[in-house]
Amino acid sequence: MNTLWTFGDSWTEGCQWDPNEGEQVFYKETFSYIVAKKLNYNLVNLGIGGFGNNAIYRKVNTYLPNFNKNDVIIITWTTPYRNERTTSITELPKYIIKLEEKLKGYKVIMTQAFNPLFGYDYIVDKINPKTFIEWGKPNNTMLDLITNNWLKDNQNNVFLNKSIGIPPQFIERFAKDKKHPGELGHKLIADKILEYL
């Protein structure tokens, strides 16, 4: 049976735990599970909370020998903070290009998890990757896949300006921590990814 491989951070892992609320998103509610079920594929969800882009890149490389040509690979990059555990803003495009080269011939989709530093993915727009969802549009982050591009091309988005908060019409799409997609958010991500498959 073919396999859906998903790589990323907590947005991909999906099963956030809140000590007061318990599980916020169950395994069967994650976008990875929904997409795998729709495709009738086995699922290997390798999203890990707190993973930076270096770790995501290494994880994909580690599992590369296990992929077969009928598999689907989804890579969700995270925010490129300038620190030791995450690929820097300048390095992320290089990693995307390297993986596109290594994964030629495979069905690959890449996107980016929410980007609280910039709010959108203009930082890598010069490389024009072929596998990146909605490349060339003002907003194409995982957050935008949930909110249908409610972020505007400016600095006043929910993750840059804490006083704004999530607009009421979108609150139901997030988990109780208001940082991760909830059940509806994961469904919306899955629906959008399936459009590209």
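The values are calculated or read from the model by the stated rules, or taken from the named source; none is laboratory data. All values derive from a computational prediction rather than experimental measurement. We place every Cβ from the backbone using ideal geometry, glycine too, and count neighbours over all the protein chains shown.
Key figures
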read-out	value
Qualifying residue in region 85-96 (condition: buried (at least 17 other Cβ atoms within 10 Å of the Cβ), modelled with pLDDT of 90 or more and under 22 Å from Glu195 (Cβ atoms))	no
Single residue of Lys107, Lys102 found to be closer than 16 Å to Phe7 by Cβ, surrounded by 15 or more Cβ atoms within 10 Å (Cβ to Cβ) and at pLDDT 90 or above	Lys107
Positions within region 12-32 being in contact with a Ser or Thr (Cβ under 9 Å, 6 or more places away or on another chain) and at pLDDT 90 or above, in sequence order	Thr12, Glu13, Thr30, Phe31, Ser32
